[in-house]
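Each reported figure results from applying straightforward, stated rules to the coordinates on display, with no laboratory input. Owing to the predicted nature of the structure, the values given are computational and were not obtained by experimental measurement. Here the Cβ is made from the backbone with ideal geometry for all residues, glycine too, and neighbour counts use every protein chain on show.
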Amino acid sequence: MLVIKKDRPVDIAKIVAEVHRIDRLSIDLMMLVDGHYNVPNDAPIIDQWSLAPSPPSVCLTGLGSGHPLLPGNSRGIVTSDLALIAEDVGVARTMSRWYRLGRPAGSTQSS
């Protein structure tokens with residue numbers, strides 16, 4: 001989300017970064033029209049995940065591993081807003097990136 005205040009100059013770099021983020025999401029969603037999930041092999045994993053309200057949207061919360069910006073394994077994370085989730089395929093797309101889904105919260109299955 002961009003916040004523009006009248007007493008501060010507009011940060012063009014942040015606007016451009018947001019446009020690129022939205023472009024990547026748009027491309028990924030358009031690929032679904034042709035039945036392709038554009039999930040990178042190194043997409044982070046979110047284990048013990050659950051849906052979490054983040055009004056007016058929903059996000060994922062769980063234990064993240066392999067995230068490019070959040071170091072560590074099995075680190076508690078909350079994602080950006082959820083754009084789609086395909087539990088049967090084991091993936092989710094947030095506004096920022098794809099995630100590979102591990103076990104849902106409360107699952108007793110081994111990973």
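Numbers at a glance
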quantity: Antiparallel %, DSSP beta bridges [both residues in the range 45-101], to 5; calculated: 90
quantity: Computed over the range 21-88: relative contact order in percent, which uses C-alpha pairs under 8 Å that are six or more apart; calculated: 22
quantity: Angle between the chain longest axis and helix 12-33 axis [Cα atoms, degrees, rounded to 10]; calculated: 40
quantity: Fraction of the pair-distance distribution of the range 45-101 above 19 Å, Cα-Cα pairs, percent; calculated: 18
quantity: Length added when fully stretched, ILE4-VAL89, from 0.36 nm per residue minus Cα-Cα; calculated: 26.8 nm
quantity: Reference-scaled alpha-carbon Rg (2.2 N^0.38 Å with N residues) for the chain; calculated: 1.18
quantity: Helix-only CD estimate at 222 nm, as mean residue ellipticity for the chain, using -39500 (n - 2.57) per DSSP H run (n ≥ 4); calculated: -7000 deg cm²/dmol
quantity: Protection proxy ranking, peptides 23-32, 68-77, 99-108, average beta carbon neighbours within 10 Å, highest first; calculated: 99-108, 23-32, 68-77
quantity: Gained length - VAL58 relative to ASN73, 0.36 nm times residue gap less alpha-carbon distance; calculated: 3.1 nm
quantity: Pairwise label distance in nanometres, MET30 with SER80, each label 7 Å out on the Cα-Cβ vector; calculated: 1.8
